[in-house]
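Below is one structure, written out as structure tokens, with a few remarks after it.
The values are calculated or read from the model by the stated rules, or taken from the named source; none is laboratory data. Predicted, not measured: the structure shown is a model, and the values here were computed from it. Here the Cβ positions follow ideal geometry from the backbone for every residue, glycine too, while neighbour counts run over all protein chains shown.
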Amino acid sequence: MKFRKIGVLTSGGDAPGMNASIRAITRTALQNGVEVVGIIGGYSGLINENIRPLTARDVSNIINLGGTLLKTDRCDEFKTEEGMAKAIETCRKNHIDAIVAIGGDGTFRGATDLTNRGIPSIGVSGTIDNDISATDYTVGFDTAMNTVIEMVDRLRDTGESHARCMVTEVMGRHCGEIALLTGIASGAVGIAIPEIEFDVDACVQRMIEQKENGKRNFQIIVSEGVGGIDSGFGDRLAKTIEERTGVETRFNVLGHVIRGGIPTLRDRLAATRMGEKAVQLLLEGKSNLVVCEIDSEIVPVDINYALILDRMYKNKLKDGDLDKFTAEQVADMRAFCERKNAYVRELYDLANALSK
Ligand code: ADP
């Protein structure tokens, strides 16, 4: 099918690098004779017909900007039949033949719904958490982590001056990768992530030994997902650490600060390659895919496969989830989860081993 016009939107949590994707998608489409409209405010823009044409010039000078030119939203109405009908009507009325949706797993579910209703759609990752299992990398992850290590370096300065421990909470709802990798890169004495039970005794022991060796400042990185969002884990851990080690301890929440900022080279590059690939796939007549980076290659993965793999990895499979897949696919998914668990464990052990 020759598309005349595609729509691009950003949805769910924003991430640095989304703009680089918008630019790549827009320009690749235009160069192939396909018009582009930007849908403003995620799926709610589709429901409310908040759209505007995008030219090559409209996406000039955005590759270096955080946030998203197209704004974003969380739109529950889109999950309803009425909302979906309005979204489809907007596409039909404005001759939008296909959609590229930039976001996380929720956004990809929306893209599947659109495809099933006759609007071929493709997902491109834009989520700082690196929490889409099918891809090695999600756009925004690198920038967010660089912000974390910069902030932790600042906390280290004051920790060293005052001989304090800093417990720092970072984003990552169901996925501790931000905490894990920044913990390693910050030389943390402890890392708490949802994937592995935190051994507070071992952490206290390491701190006491190091304190006796003359160490003054200690960094502990906690993923917000430990014990569930708003569980208060980090705050409680800070108090426990202070009581049991005698090291004065402060609790810091970095929160949304790591969502913003100038995208790093890594994010601009991944966003550009993924955005270009999404349009190429649509032009080849393919849809219901999420564009992934696997072993440094930019490759498509079926959205349903990606979403179920995610559920398997997060131990959230529901009855019947695996019914649509062949035994070979299920075996591949299980093997993937084992490899990923081993990778996380290896990095976790490395961080603790070096904290001497
Ligand atoms: P993210 O894409 O970052 O994971 P959300 O989970 O909030 O963020 O999803 C973004 C938006 O995608 C939601 O606000 C909603 O409009 C749409 N969406 C999420 N889940 C579904 C679903 N099951 N079906 C249709 N649309 C969905």
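Brief remarks on what is shown
- Filter result for residue 109 (surrounded by fewer than 20 Cβ atoms within 10 Å (Cβ to Cβ), under 14 Å from residue 26 (Cβ atoms) and either at pLDDT 95 or above or within 11 Å of the ligand (Cβ to nearest atom) (or both)): no
- Restricted to helices (runs of 4 or more DSSP H) entirely inside segment 254-356, those with at least 3 residues that are within 30 Å of residue 33 (Cα to Cα) are 265-283.
- If the condition is being of a type in the set (Val, Ile, Thr) and closer than 21 Å to residue 194 by Cβ, then segment 146-180 contributes 147, 148, 149, 152, 167, 168, 170, 178.
- Filter result for residue 17 (within 16 Å of the ligand (Cβ to nearest atom) and over 15 Å from residue 97 (Cβ atoms)): yes
- Qualifying residue in segment 56-66 (condition: more than 16 Å from the ligand (Cβ to nearest atom), under 15 Å from residue 9 (Cα atoms) and either in contact with a Ser or Thr (Cβ under 6 Å, 6 or more places away or on another chain) or not aliphatic (A, V, I, L, M) (or both)): yes
- Residue match in segment 304-320 (condition: at pLDDT 95 or above, on the phi < 0 side of the Ramachandran plot and in contact with a strand residue (DSSP E or B) (Cβ under 7 Å, 6 or more places away or on another chain)): yes
- Top-ranked residue of segment 20-37 - restricted to ones that are over 20 Å from residue 263 (Cα atoms) and in contact with a Pro (Cβ under 8 Å, 6 or more places away or on another chain), ranked as nearest to the ligand (Cβ to nearest atom): 37
- Residue 89 vs. criteria within 14 Å of the ligand (Cβ to nearest atom), more than 23 Å from residue 139 (Cβ to Cβ) and surrounded by fewer than 24 Cβ atoms within 10 Å (Cβ to Cβ): no
- Screening 149, 178 for residues that are away from the ligand (no atom under 12 Å from the Cβ), in contact with an Asp or Glu (Cβ under 9 Å, 6 or more places away or on another chain) and under 25 Å from residue 232 (Cα atoms) leaves exactly one candidate, 178.
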